[in-house]
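Bear in mind that the values in this text are calculations on the coordinates, not laboratory data. None of the values given here were measured: they were computed from a predicted structure. Counting neighbours? That spans all protein chains shown, and the Cβs are built from the backbone with ideal geometry, glycine included.
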Amino acid sequence: MYSESISAIYELAGAVGVNPEPYTFREIIWMYRGKGKDEWSRLSVVLATTANMNSSKGKRFTSSDFNPYEHSDTAENVPGSIEDLKVFLDKDKK
């Protein structure tokens, strides 16, 4: 277990490109996530540009269409409605 944890720390630090010794595991995870967000922000622009060059005239893409970090799970994105949840209410309490 201990060696697996050390291995994970060094893998994440290697992906970020830092020496893990002065950082906590949490700090390394934050750096790793930040690097992923940064890479996706640049890649999504390239993907949107490529898609717009190859798409029909009516369809236009933005970088947020391809960036998984820009999609939020709001109520608008969740299928169903409040009416669908009423089946879970106790009918005796009405």
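Odds and ends about this structure:
- Descending semi-axes in Å of segment 1-56, equivalent ellipsoid built from Cα gyration tensor: 34, 11, 8
- Rounded to the nearest 0.05, the FRET efficiency derived from the C-beta distance between L47 and F25 at R0 = 22 Å is 0.10.
- Here the calculated FRET efficiency for E11 and K57, from their Cβ-Cβ distance with R0 = 35 Å, stands at 0.15, rounded to the nearest 0.05.
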